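The values are calculated or read from the model by the stated rules, or taken from the named source; none is laboratory data. From a predicted model like this one, the values you see are computed outputs, not experimental measurements. Cβ placement follows ideal geometry from the backbone for every residue including glycine, while neighbour counts extend to all protein chains displayed. Quick note on the areas: whole protein, heavy atoms, side chains included, nothing else; ligands and nucleic acids left out. Shrake-Rupley method; radii C 1.70, N 1.55, O 1.52, S 1.80 Å.
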Amino acid sequence: MRSLSAALSLLALATIPALATTPIFAQSPKSYDCYRATTPIHIDGNLNDPAWRAAPWTTNFIDIQGSSQPRPRFRTRAKVLWDDTYLYVAAELQEPDVHATLTQHDSLIYQDNNFEVFLKPFANSSGYFEFEINALNTSWDLYMSKPYNKGGKADSSWEIPGLKTAIAVDGTLNKSTDKDHGWTVEMAFPWTAFTSRLPVTTPKIGDEWRFNFSRAEWKAGQPKEDYWVWTSQGAINMHIPERWGYLRLRGNR
(Lines give C-alpha, C1' and ligand atoms only; values in the text may rest on other atoms or scores of the structure.)
Protein backbone atom coordinates (compact mmCIF):
# COMPACT_ATOMS: atom_id res chain seq x y z
CA MET A 1 0.00 0.00 0.00
CA ARG A 2 1.43 3.38 -1.01
CA SER A 3 1.75 6.28 1.42
CA LEU A 4 -0.60 9.21 0.90
CA SER A 5 2.21 11.43 -0.36
CA ALA A 6 3.30 8.80 -2.86
CA ALA A 7 -0.27 8.28 -3.96
CA LEU A 8 -0.78 11.98 -4.54
CA SER A 9 2.48 12.22 -6.45
CA LEU A 10 1.33 9.37 -8.67
CA LEU A 11 -1.98 11.13 -9.16
CA ALA A 12 -0.31 14.33 -10.28
CA LEU A 13 2.12 12.62 -12.61
CA ALA A 14 0.01 9.84 -14.07
CA THR A 15 -3.35 11.39 -14.65
CA ILE A 16 -3.38 15.15 -14.01
CA PRO A 17 -0.66 16.86 -16.04
CA ALA A 18 0.68 20.02 -14.48
CA LEU A 19 -0.09 22.94 -16.78
CA ALA A 20 1.76 26.22 -16.52
CA THR A 21 -1.08 27.98 -18.27
CA THR A 22 -4.59 27.09 -19.35
CA PRO A 23 -4.78 26.81 -23.16
CA ILE A 24 -7.39 28.85 -25.02
CA PHE A 25 -10.60 26.88 -25.39
CA ALA A 26 -13.51 28.17 -27.43
CA GLN A 27 -16.23 25.59 -26.68
CA SER A 28 -19.10 26.75 -24.46
CA PRO A 29 -19.78 24.57 -21.39
CA LYS A 30 -23.01 22.59 -21.36
CA SER A 31 -25.78 23.12 -18.81
CA TYR A 32 -28.15 20.71 -17.06
CA ASP A 33 -31.53 21.48 -15.51
CA CYS A 34 -31.61 19.55 -12.23
CA TYR A 35 -35.23 19.03 -11.16
CA ARG A 36 -36.50 18.53 -7.64
CA ALA A 37 -37.30 14.93 -6.74
CA THR A 38 -41.02 14.48 -6.19
CA THR A 39 -40.77 11.14 -4.34
CA PRO A 40 -38.09 9.49 -2.18
CA ILE A 41 -35.25 7.70 -3.97
CA HIS A 42 -34.07 4.33 -2.73
CA ILE A 43 -30.34 4.05 -3.41
CA ASP A 44 -29.87 0.50 -4.70
CA GLY A 45 -28.13 1.03 -8.05
CA ASN A 46 -31.32 0.37 -10.03
CA LEU A 47 -32.71 3.50 -11.64
CA ASN A 48 -36.35 2.46 -11.40
CA ASP A 49 -37.60 4.90 -8.76
CA PRO A 50 -40.49 7.00 -10.15
CA ALA A 51 -38.60 10.24 -9.41
CA TRP A 52 -35.91 9.40 -11.97
CA ARG A 53 -38.47 9.57 -14.78
CA ALA A 54 -38.53 13.35 -14.42
CA ALA A 55 -34.76 13.63 -14.74
CA PRO A 56 -33.41 14.00 -18.29
CA TRP A 57 -30.36 12.08 -19.37
CA THR A 58 -27.27 14.09 -20.12
CA THR A 59 -25.95 13.93 -23.63
CA ASN A 60 -23.71 10.93 -24.23
CA PHE A 61 -20.18 11.42 -22.98
CA ILE A 62 -17.41 12.40 -25.40
CA ASP A 63 -13.62 12.27 -25.28
CA ILE A 64 -12.17 14.59 -22.65
CA GLN A 65 -10.36 16.60 -25.36
CA GLY A 66 -13.52 17.15 -27.38
CA SER A 67 -15.65 15.82 -30.21
CA SER A 68 -12.72 16.02 -32.66
CA GLN A 69 -11.30 12.95 -30.91
CA PRO A 70 -12.52 9.38 -31.56
CA ARG A 71 -16.00 8.62 -30.28
CA PRO A 72 -16.00 6.64 -27.01
CA ARG A 73 -16.28 2.89 -27.51
CA PHE A 74 -19.14 2.58 -24.99
CA ARG A 75 -22.01 4.90 -24.10
CA THR A 76 -22.03 6.77 -20.80
CA ARG A 77 -24.79 9.08 -19.60
CA ALA A 78 -26.06 10.45 -16.28
CA LYS A 79 -29.01 12.01 -14.46
CA VAL A 80 -29.21 14.39 -11.49
CA LEU A 81 -32.01 15.28 -9.04
CA TRP A 82 -32.17 17.15 -5.74
CA ASP A 83 -34.26 17.69 -2.63
CA ASP A 84 -33.74 19.45 0.70
CA THR A 85 -31.41 16.71 1.96
CA TYR A 86 -29.51 15.25 -0.99
CA LEU A 87 -28.06 15.82 -4.40
CA TYR A 88 -28.78 12.60 -6.31
CA VAL A 89 -26.60 11.37 -9.17
CA ALA A 90 -27.20 8.32 -11.33
CA ALA A 91 -25.12 7.04 -14.23
CA GLU A 92 -25.38 4.29 -16.81
CA LEU A 93 -22.13 2.87 -18.21
CA GLN A 94 -22.15 0.41 -21.09
CA GLU A 95 -19.38 -2.13 -20.61
CA PRO A 96 -18.95 -5.60 -22.18
CA ASP A 97 -16.63 -6.76 -19.38
CA VAL A 98 -17.43 -5.18 -16.03
CA HIS A 99 -14.49 -5.53 -13.68
CA ALA A 100 -12.91 -3.82 -10.68
CA THR A 101 -10.13 -4.67 -8.24
CA LEU A 102 -9.80 -1.88 -5.66
CA THR A 103 -11.59 -2.42 -2.35
CA GLN A 104 -9.98 0.13 -0.01
CA HIS A 105 -11.69 3.49 0.48
CA ASP A 106 -9.67 6.44 -0.84
CA SER A 107 -7.64 4.22 -3.16
CA LEU A 108 -6.66 5.71 -6.52
CA ILE A 109 -9.95 4.61 -8.05
CA TYR A 110 -9.07 5.78 -11.57
CA GLN A 111 -6.68 2.81 -11.71
CA ASP A 112 -9.88 0.78 -12.25
CA ASN A 113 -12.59 1.61 -14.74
CA ASN A 114 -14.60 4.18 -12.82
CA PHE A 115 -17.15 6.99 -12.70
CA GLU A 116 -16.24 10.44 -11.38
CA VAL A 117 -18.23 13.46 -10.17
CA PHE A 118 -16.81 16.99 -9.90
CA LEU A 119 -18.73 19.69 -8.00
CA LYS A 120 -17.88 23.38 -7.51
CA PRO A 121 -20.48 25.24 -5.41
CA PHE A 122 -19.23 28.82 -5.78
CA ALA A 123 -18.01 30.73 -8.80
CA ASN A 124 -16.01 33.15 -6.62
CA SER A 125 -14.18 30.39 -4.71
CA SER A 126 -11.39 28.20 -6.06
CA GLY A 127 -12.43 25.19 -3.97
CA TYR A 128 -14.26 22.14 -5.36
CA PHE A 129 -15.02 18.49 -4.67
CA GLU A 130 -14.28 15.23 -6.48
CA PHE A 131 -15.81 11.79 -6.01
CA GLU A 132 -14.78 8.56 -7.77
CA ILE A 133 -16.38 5.12 -7.62
CA ASN A 134 -15.77 1.73 -9.23
CA ALA A 135 -18.00 -1.28 -9.92
CA LEU A 136 -17.16 -2.77 -6.50
CA ASN A 137 -18.72 0.32 -4.87
CA THR A 138 -15.30 1.43 -3.64
CA SER A 139 -14.99 5.21 -3.50
CA TRP A 140 -12.53 8.06 -3.17
CA ASP A 141 -13.75 11.44 -1.97
CA LEU A 142 -11.47 14.46 -1.97
CA TYR A 143 -11.47 18.24 -1.75
CA MET A 144 -9.33 20.60 -3.78
CA SER A 145 -8.74 24.11 -2.41
CA LYS A 146 -7.60 25.03 -5.93
CA PRO A 147 -6.61 23.17 -9.12
CA TYR A 148 -3.33 21.30 -9.40
CA ASN A 149 -1.97 23.74 -11.99
CA LYS A 150 -2.42 26.54 -9.45
CA GLY A 151 -0.61 24.71 -6.67
CA GLY A 152 -3.56 22.76 -5.27
CA LYS A 153 -3.19 19.43 -3.50
CA ALA A 154 -5.75 16.67 -3.00
CA ASP A 155 -7.28 16.62 0.49
CA SER A 156 -8.41 13.03 0.96
CA SER A 157 -9.27 13.70 4.60
CA TRP A 158 -12.58 15.12 3.39
CA GLU A 159 -15.25 12.50 4.02
CA ILE A 160 -18.99 12.42 3.33
CA PRO A 161 -21.06 11.52 6.42
CA GLY A 162 -24.40 10.15 5.30
CA LEU A 163 -23.29 9.38 1.75
CA LYS A 164 -25.33 6.67 0.02
CA THR A 165 -23.99 4.75 -2.99
CA ALA A 166 -24.96 1.54 -4.75
CA ILE A 167 -23.94 -0.35 -7.89
CA ALA A 168 -25.97 -2.68 -10.10
CA VAL A 169 -24.16 -4.84 -12.66
CA ASP A 170 -25.99 -6.01 -15.77
CA GLY A 171 -23.83 -9.09 -16.23
CA THR A 172 -21.21 -10.80 -14.09
CA LEU A 173 -18.61 -8.78 -12.25
CA ASN A 174 -15.00 -9.86 -12.82
CA LYS A 175 -15.81 -12.71 -15.19
CA SER A 176 -14.28 -12.14 -18.60
CA THR A 177 -15.56 -15.37 -20.13
CA ASP A 178 -19.06 -13.97 -20.64
CA LYS A 179 -20.36 -10.72 -22.11
CA ASP A 180 -21.87 -8.05 -19.88
CA HIS A 181 -24.10 -5.11 -20.76
CA GLY A 182 -22.70 -2.65 -18.25
CA TRP A 183 -23.24 -1.18 -14.80
CA THR A 184 -25.25 1.57 -13.16
CA VAL A 185 -24.33 3.68 -10.17
CA GLU A 186 -26.64 5.61 -7.88
CA MET A 187 -25.48 8.17 -5.32
CA ALA A 188 -26.97 10.54 -2.76
CA PHE A 189 -24.68 13.33 -1.54
CA PRO A 190 -25.96 15.08 1.61
CA TRP A 191 -25.79 18.84 1.19
CA THR A 192 -24.33 19.02 4.70
CA ALA A 193 -21.26 17.05 3.56
CA PHE A 194 -19.79 20.09 1.82
CA THR A 195 -19.97 22.47 4.78
CA SER A 196 -16.74 21.22 6.40
CA ARG A 197 -14.79 22.82 3.55
CA LEU A 198 -17.05 25.50 2.03
CA PRO A 199 -20.03 27.50 3.40
CA VAL A 200 -22.67 25.61 1.43
CA THR A 201 -26.18 26.49 2.62
CA THR A 202 -29.55 24.81 2.19
CA PRO A 203 -30.15 24.70 -1.58
CA LYS A 204 -32.94 26.60 -3.28
CA ILE A 205 -34.48 26.83 -6.72
CA GLY A 206 -32.26 28.93 -8.94
CA ASP A 207 -28.95 27.94 -7.37
CA GLU A 208 -26.19 27.18 -9.85
CA TRP A 209 -23.06 25.06 -9.40
CA ARG A 210 -20.29 24.16 -11.82
CA PHE A 211 -19.97 20.42 -12.36
CA ASN A 212 -18.76 17.72 -14.68
CA PHE A 213 -18.68 13.93 -14.96
CA SER A 214 -15.82 11.76 -16.11
CA ARG A 215 -15.31 8.08 -16.83
CA ALA A 216 -11.89 6.39 -16.81
CA GLU A 217 -11.81 3.38 -19.12
CA TRP A 218 -8.85 1.06 -19.60
CA LYS A 219 -8.32 -1.01 -22.74
CA ALA A 220 -6.19 -4.16 -22.87
CA GLY A 221 -2.80 -3.41 -24.37
CA GLN A 222 -3.25 0.35 -23.89
CA PRO A 223 -0.73 1.97 -21.47
CA LYS A 224 -3.05 4.83 -20.44
CA GLU A 225 -6.73 5.10 -19.68
CA ASP A 226 -9.26 6.93 -21.83
CA TYR A 227 -11.25 9.72 -20.24
CA TRP A 228 -14.80 10.27 -21.41
CA VAL A 229 -16.70 13.27 -20.06
CA TRP A 230 -20.05 15.00 -20.22
CA THR A 231 -18.72 18.40 -21.30
CA SER A 232 -15.33 18.65 -22.95
CA GLN A 233 -12.27 19.90 -21.09
CA GLY A 234 -10.22 20.58 -24.24
CA ALA A 235 -7.26 18.87 -22.55
CA ILE A 236 -6.51 15.64 -20.71
CA ASN A 237 -7.13 17.37 -17.41
CA MET A 238 -10.36 17.36 -15.40
CA HIS A 239 -9.01 20.02 -13.07
CA ILE A 240 -9.93 23.06 -15.16
CA PRO A 241 -13.23 23.90 -13.42
CA GLU A 242 -13.93 26.94 -15.57
CA ARG A 243 -14.58 24.47 -18.39
CA TRP A 244 -17.10 22.38 -16.46
CA GLY A 245 -20.80 22.60 -17.16
CA TYR A 246 -23.54 24.31 -15.18
CA LEU A 247 -25.88 22.50 -12.78
CA ARG A 248 -29.05 24.58 -12.36
CA LEU A 249 -31.52 23.66 -9.62
CA ARG A 250 -35.13 23.73 -10.80
CA GLY A 251 -38.48 22.98 -9.21
CA ASN A 252 -40.71 19.99 -9.90
CA ARG A 253 -40.91 19.05 -13.54
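Picking from 203, 185, 166, whose Cα lies most toward the positive end of the charge dipole for the stretch 160-214 (charges on Cβ: Lys, Arg +1; Asp, Glu -1)? Highest projection toward the positive end goes to 203. Mean residue ellipticity, 222 nm, helices only, the chain: the sum of -39500 (n - 2.57) across DSSP H runs of n ≥ 4, divided by residue count and rounded to 500, is -1500 deg cm²/dmol. Look at the Cα gyration tensor of the stretch 28-85: its axes a ≥ b ≥ c give a/c of at least 1.5 with a/b over b/c, and that counts as prolate.
Over the chain, what percent of the accessible surface lies on carbon and sulfur atoms, probe 1.4 Å?
Solvent-exposed carbon and sulfur of the chain make up 51 percent of the total.
Quick one: grab the alpha carbon gyration tensor of the stretch 61-149, order the square roots of its eigenvalues as a ≥ b ≥ c, and give me rounded if a/c is under 1.5, else prolate or oblate depending on whether a/b is larger than b/c. Rounded is the answer for the stretch 61-149, as its axis ratio a/c remains below 1.5. The mean sequence distance of close C-alpha pairs (under 8 Å, at least 6 residues apart), as a share of the length of the chain, puts its relative contact order at 27 percent.
The residues of the stretch 176-253 expose, per residue, 43 Å² of accessible area to a 1.4 Å probe. Among the listed values [x] 24, 23, 19; [y] 27, 21, 18; [z] 41, 22, 15, the one matching semi-axes √(5λ) of the Cα gyration tensor in Å as calculated from this structure is [x]. Taking a ≥ b ≥ c as the square roots of the eigenvalues of the Cα gyration tensor, the stretch 211-253 is oblate, since a/c reaches 1.5 or more and a/b is not larger than b/c.
Placing 160, 205 in order of accessible area, with the largest value first and a 1.4 Å probe, yields 205, 160.
Here each label is just a point 7 Å from Cα along the line to Cβ, and for residue 153 and residue 42 those points are 4.5 nm apart. Say the dipole of the chain comes from +1 at the beta carbon of Lys and Arg and -1 at that of Asp and Glu; which of 123, 85, 109 then lies farthest toward its positive end? Among 123, 85, 109, the one farthest towards the positive end of the dipole of the chain is 123. Annotated for the chain: lysine pairs at least 8 residues apart or interchain, Cα distance under 26 Å, count 25. In this simple spin-label approximation, residue 205 and residue 125 carry label points 7 Å from Cα along the Cα→Cβ vector, and these lie 2.5 nm apart.
Amide hydrogen proximity for residue 113: with H placed 1.01 Å from N in the peptide plane, the residues at 5 or more positions away or on another chain lying under 5 Å are 218.
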